[in-house]
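Before any comments, here is the structure.
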Amino acid sequence: MCSNIGKSIKRGSKILYFDHPNQDLINVSSNLFQNDNKMEVIRSIIVHDAIGKPELLLDQFRDGLSILGFGEEMKKHPELMKPVFVPGKIQLKGTDVVNILRFPTCGGEDEARTKEYIKKYILEASPEALENFLVFSTGSPTLPSFGLGTVEIKFEAETSIFASTCLQEITMPKGFPDKETFITALDAVINTCSKAFNCI
């Protein structure tokens, strides 16, 4: 029930040590768990789970980063790794989103024109529209894999725009009559994607 709690439990000003870190709490001592000290034990368990375990994992992670000097380089350039380790909202740029798109290498004039429509739309989009586009295509308002992932664009003989967030793939019609029709169609899907199944 309460195994793997660690090496010690704080009891008042004393530390009660286990014989083995994986020893079950119930078997530690017949005197350890009494009705009058149950709150101390519960508090100790919470402190261990909230502080002890994460601290141990973070220490191991830091030691691992020291391999090949990676940890030292991170200390010299903390701003580069901040988006990875520190939660916060980063304003999206159209160029970042365009860079993750992957288009087919071959295609006709219609596909080439639609490809240019997509790029121009993204480069001119507001940060909110960029987030909506990413939610529609990946299910998340951030760049996939911190900008290292990709979103595949496919052109098929379809009449609608469809996204698979699992595959991070958008299926587009091969062509649109004009740029305004394209913008209207894309706006319609990305602005309603929070209600769609593929954006859950």
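I need the calculated FRET efficiency for the pair MET81 and LYS119, taking r as the beta carbon distance and R₀ as 25 Å, to the nearest 0.05.
On the way: r = 30 Å, r/R0 = 1.19.
Step by step, r from the Cβ atoms, then E = 0.25.
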Just to check, using Stokes-Einstein with a Kirkwood Rh over alpha carbon pairs, what's the diffusion coefficient of segment 85-200 at 10 °C and 1.306 mPa s in µm²/s? 111
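Expressed in nm to one decimal, what extension gain is obtained for the pair GLN34 and ALA157 from 0.36 nm per residue of sequence separation less their Cα-Cα distance? All intermediate terms of the calculation are to be shown ahead of the outcome.
Working: separation 123, 0.36 × 123 = 44.28 nm, distance 7.24 nm.
Taking GLN34 through ALA157 to full extension adds about 37.0 nm, to one decimal.
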LEU92 long-range amide H proximity, modeled H, under 5 Å: none
Sorted by Cβ neighbour density within 10 Å, fewest at the top, the residues HIS48, HIS77: HIS77, HIS48
Search the structure for amide H atoms under 5 Å from the amide H of LEU101, placed 1.01 Å from N in the peptide plane, and list their residues when 5 or more places away or on another chain. VAL151
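Taking other Cβ within 10 Å of each residue's Cβ, how do MET74, MET39, MET172 sort, fewest first?
So the ranking, lowest neighbour count to highest, is MET39, MET74, MET172.
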Once both labels are modelled 7 Å past Cα along the beta-carbon direction, what's the LEU148-ILE67 spacing in nm? 1.5
What fraction, in whole percent, of alpha-carbon pairs in segment 127-180 exceed 14 Å separation? 56
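As a quick test, which of the pairs LYS119/LYS174; LYS119/LYS179; LYS82/LYS120; LYS93/LYS154; LYS93/LYS174 have an alpha carbon distance above 19 angstrom in this structure? If you can, show how the numbers build up before the last one.
Values: LYS119/LYS174 15 Å; LYS119/LYS179 12 Å; LYS82/LYS120 30 Å; LYS93/LYS154 23 Å; LYS93/LYS174 26 Å.
Check vs 19 Å cut-off fails for LYS82/LYS120; LYS93/LYS154; LYS93/LYS174.
What's the extension gain from ALA112 to ILE183 if we count 0.36 nm per residue and subtract their Cα-Cα distance?
Details: separation 71, 0.36 × 71 = 25.56 nm, distance 1.59 nm.
Fully extending the segment from ALA112 to ILE183 adds 24.0 nm.
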Taking other Cβ within 10 Å of each residue's Cβ, how do ILE90, ILE67 sort, fewest first? ILE67, ILE90
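Report the charge-dipole magnitude of segment 94-199 in Debye, nearest 20, computed about the Cα centre from +1 at each Lys and Arg Cβ and -1 at each Asp and Glu Cβ.
Numbers: 9 positive and 15 negative charges, 30 e Å.
The dipole of segment 94-199 has a size of about 140 debye.
FYI, it's all coordinate maths here, none of it is from the lab. If you're wondering where the values come from, they're calculated on a predicted model, not measured in any experiment. Note that we place each Cβ from the backbone using ideal geometry, even for glycine, and neighbour counts take in every protein chain shown.
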